[in-house]
Amino acid sequence: MSLLELQSELKKFNQASKLTGAVQDVDRLIEVLVSAREEVAAANDPHSTSLTLTKLQNPVSAQLDAINTDLGRVHKSQNAFYKSFARAFKDRGTLPTDHDPMGSQTALINRAIAMHLLREGQFGVATTFIKEAQPSSQTTSQPSSQSQPQTPSITISRPDTPPDAMITDAAIPSDLMAFQSQALQEKFAAMYSTLTALKRRDLYPAIQWARENSKELEARGSNLEFELCKLQFIWLFKGPFFNGLPATMENGVPGALRYARENFASFQQRHLREIQRLCCAMVYSQNLADSPYRTLFDITLAFDEVASSFTREFCSLLGLSAESPLYVAATAGALALPNLVKWTGINKAKNTEWTTQNELAFETPLPKSMLYHSIFVCPVSRGQTTDANPPVILPCGHVLAKESLQKLAKGSRYKCPYCPSEGVVKDAKEIIL
Ligand SMILES: [Zn+2]
C-alpha cells in the first residue's frame, strides 16, 4: 500500500469516525427522557405516570439502538483503518518491537505529555490527562476509599475559563506534582493572554512583561524589551489610518514622539543608533514609503517576530526550551522512522541483529534546529567518545579518541594516522563538545 493510499484511508477514517451522530442520538434520548419527566411531574397521578413510562419504552430502546448503530459505524471505521495501517507497515518491513527503551519510563513519558499539553495551552486536556494518568491502584474503585492515604490534591483551573469548565481538586501523583502543574499553568495562561494581545496588535502586556523581567532579559543579551518598544513607536507613528487607534495626540507622529521621549531613554546606551534613525524618520513622515527609512518602518512580519521571540524568552526564563521537547522528539522520531524501517528490513534479510543498545546504527539527518548535543565518533576505533575516553586534538589538527591515541603511541611519541606529522602524546589536547 502506498503512502498516498494510506493518506486517503486516513481521510476516510477521519470522516467516518466522527462521534457527531452518536452525540446527537444521545441528545435526542435525553430530550425524550426529560419530556417524560415533565409529563409525570405535571400530571402528578399514578395512573398517567405508569402510562407515560410504558409509552417511554419503545422510543428509548429505539434511541439506544440508534446510538449502538452510530458507535458500531465508528468502531468499524477504526478497525478498517487499523488494518490498512498495519498493512501499510507490513509492506515496509517491521520495527524492532522487542526493544522498547521507553517501556519502563511510563512516568517520564506521562510527564512529558502533560507538560506538552500545558505548554500548548490545552489546560483542560492536561488536567484530565494528569488525573487519568494516575497509577491504576488509585483510580480503581475500592470499597474503603476513606481508609486510603490521602492523595495530594491540587486545584487546577485556567483563570479565564468559565467556572463550569474548571476541573478542581484533581489528585496528582507525586511525580507529576513535582513539576508544579498549577504554577506552570498560571504562567502559561499569562503567556497565552499576552500572545493573544499581540495578535490584536496590542503590545502593552508584552512590554509590561519585558519591563518586569528587564534585568533577566538583559543578562541573557536579549533585545526583546527594546524591540517591543520600537514596534510600539512605529505602530503609533503610522497613525490612525494604519493602526485603527483613535486620532488623538496619543497617536500618529506626535504620539510616537511622546512615546519615544517617555520610553527610549533607558535604551540609549545600547541602542542609540537605532533610536536616532527612528527619530530622524520624522522628517519623512509625509512620504515614508519613498524614504531611506522604508525598510525600518516595514512591520509586515514584526508582530510575528516579536511574538516568537517573546515565547522563546518567556519559556527560557521558566527554564524551558522554546519548542516543546515532546514535539521535537516526536518530529525527530518521525523523520528517523523511514530509515529505521529500511535498516530493520535489510538486517532481517541478512539475518543480523541489533547490537548496540543505546545508539542507532545509522545517521539520522535532522534539521539544524533539532541538533542539541554533538557527539564525536573516533575515526580510528569507530567508537563514540565518552567522558572517560574523550576526544583529543593533535597539533596537526586531527582528532581522535584518547584511548586510540594511547594505543597508537610508541612510548611518549605518536605518528598521526591521517597525516605525516609526528609528535609527543602530551601535546594532544582534550576537546569538549
Ligand atoms: Zn594529523
Inset, instruction - Answer yes if at least one residue in region 182-200 is out of contact with any helix residue (DSSP H, G or I) (no Cβ under 9 Å at 6 or more places or on another chain), modelled with pLDDT under 80 and in a loop (DSSP other than H, G, I, E, B), and no otherwise. - result: no
Inset, instruction - Of all residues in region 382-418, count the ones that are within 16 Å of the ligand (Cβ to nearest atom), under 25 Å from PHE362 (Cβ atoms) and either in contact with a Leu (Cβ under 6 Å, 6 or more places away or on another chain) or outside any loop (DSSP other than H, G, I, E, B) (or both). - result: 5
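Condition first: within 14 Å of the chain's Cα centre (by Cα) and touching a residue at least 60 places away in the same chain (Cβ under 8 Å). Now tell me which residues in region 317-328 satisfy that. Break it down into steps so the answer makes sense when it comes.
First, pick out the residues of region 317-328 that are within 14 Å of the chain's Cα centre (by Cα): 320-328.
Correct list: LEU320, SER324, PRO325, LEU326, TYR327.
Name the one entry in ASN68, ASN44 that is over 30 Å from PRO338 (Cα atoms) and at pLDDT below 85. Explain how you work it out, then say what you get.
On the way: ASN68 fails: at pLDDT below 85.
Among ASN68, ASN44, only ASN44 is over 30 Å from PRO338 (Cα atoms) and at pLDDT below 85.
Before we move on, is SER374 surrounded by 13 or more Cβ atoms within 10 Å (Cβ to Cβ) and of a type in the set (S, T, N, Q)?
Values: surrounded by 13 or more Cβ atoms within 10 Å (Cβ to Cβ): no; of a type in the set (S, T, N, Q): yes.
So SER374 does not fit the description; no.
Taking region 377-398 only, how many residues are crowded, with 19+ Cβ neighbours inside 10 Å and of a type in the set (A, V, I, L, M)?
We begin by selecting, within region 377-398, every residue crowded, with 19+ Cβ neighbours inside 10 Å; these are 378, 385, 391-392, 394.
Retained after the next criterion (residues that are of a type in the set (A, V, I, L, M)): 392, 394.
Looking only at that region, the number is 2.
The values are calculated or read from the model by the stated rules, or taken from the named source; none is laboratory data. Treat the numbers as computed from the prediction; the structure is a model and nothing was measured. So basically every Cβ, Gly included, is an ideal-geometry build from the backbone, and we count neighbours across all protein chains shown.
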